[in-house]
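The values are calculated or read from the model by the stated rules, or taken from the named source; none is laboratory data. None of these values were measured; they are calculated from a predicted model. Here the Cβ positions follow ideal geometry from the backbone for every residue, glycine too, while neighbour counts run over all protein chains shown.
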Amino acid sequence: MYRILIVEDDRGIAEAIEKQAAQWGLSAKGVEDFANVMAEFARFDPQLVLLDIALPFFNGYYWCGKIREVSKVPIIFISSASDNMNIIMAMNMGGDDFIAKPFDQTVLMAKIQALLRRTYDFGAGVPILEHRGAMLHTGDQTLYYEGQRIELSRNEYRILLSLMEARGRVVSREKLMERLWQTDSYVDENTLTVNVNRLRRKLEAAGLADFIVTKFGVGYIVE
């Protein structure tokens, strides 16, 4: 799970970002001691930093410079001071992007995902698959929905991955059994049915009712 450090003194904004990040399968933490941001940076060891400009003690430009002395971690400035001079200053200090407040949370998350992809090179695979608000994180093979982390067995993950890769299209039972057979010595019809039913119960318990639809005589679909 990628870690995001939020250097933002408006606790309401920071908490909203933390909650939204969890839904996207990301771990976000707001700074608490604004006099010692670098100490929290070192402890949390983030893969990305969200940085406001106007902060207690020292401004965001100062902390950007301090971070750049020790790390190349991506930095996104988030600030209402979005005039051209501040944007240019932020980029010159080592920022990678600038988002003006107020911003849409989903746009922020999309920008974070894009910057993480460019920085850490996920390769040809898609790190997160999304459907109806459910986020399947292919890195740690877990599902996230509305801040919940849903643990999946190996077979449950392979089934859900197959269905979400083909979302909107039916995946035959034969195709799913082939996917499970990659690691198991043998998978029969009953094994697949048991795993699909177990997966459905987990999804329903998390609030994702009817996420997997049966197409009788054909297979399954998420739509």
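Got a sec? Which of S162, S172 is in contact with a strand residue (DSSP E or B) (Cβ under 8 Å, 6 or more places away or on another chain) and free of Cβ contacts under 8 Å to residues at least 40 places away in the same chain?
Only one candidate passes the filter, namely S162.
Consider segment 1-27. How many of its residues are within 14 Å of V73 (Cβ to Cβ) and among the small types (G, A, S)?
Going through segment 1-27 one residue at a time, the tally reaches 0.
List the strands (runs of 3 or more DSSP E) that sit entirely inside segment 123-223 and contain at least 1 residues that are modelled with pLDDT under 85 and of a type in the set (S, T, N, Q).
Once the strands (runs of 3 or more DSSP E) in segment 123-223 are filtered for at least 1 residues that are modelled with pLDDT under 85 and of a type in the set (S, T, N, Q), what remains is 142-145, 148-150.
List the number of the failed condition for A35; all other conditions in (1) touching a Phe, Trp or Tyr at 6+ places or on another chain (Cβ under 7 Å); (2) small (G, A, S); (3) under 20 Å from A16 (Cβ atoms) hold.
(3)
Could you list all residues from segment 11-57 that are basic (K, R) and either surrounded by 19 or more Cβ atoms within 10 Å (Cβ to Cβ) or in contact (Cβ under 8 Å) with a residue 24 or more places away in the chain (or both)?
If the condition is that a residue be basic (K, R) and either surrounded by 19 or more Cβ atoms within 10 Å (Cβ to Cβ) or in contact (Cβ under 8 Å) with a residue 24 or more places away in the chain (or both), then K19, K29 are the ones that fit.
E8 fails exactly one of the following numbered conditions: (1) surrounded by 20 or more Cβ atoms within 10 Å (Cβ to Cβ); (2) without any contact (Cβ under 8 Å) to a residue 60 or more places away in the chain. What is the number of that condition?
Tallying (1) surrounded by 20 or more Cβ atoms within 10 Å (Cβ to Cβ); (2) without any contact (Cβ under 8 Å) to a residue 60 or more places away in the chain, E8 fails exactly one: (2).
Is it fair to say R68 is surrounded by fewer than 16 Cβ atoms within 10 Å (Cβ to Cβ) and in contact (Cβ under 8 Å) with a residue 24 or more places away in the chain?
Values: surrounded by fewer than 16 Cβ atoms within 10 Å (Cβ to Cβ): yes; in contact (Cβ under 8 Å) with a residue 24 or more places away in the chain: yes.
Answer is yes for this residue.
Assess whether I88 counts as being farther than 30 Å from R149 by Cα and free of Cβ contacts under 8 Å to residues at least 24 places away in the same chain. Give the derivation first.
Working: farther than 30 Å from R149 by Cα: yes; free of Cβ contacts under 8 Å to residues at least 24 places away in the same chain: yes.
The answer is yes for I88.
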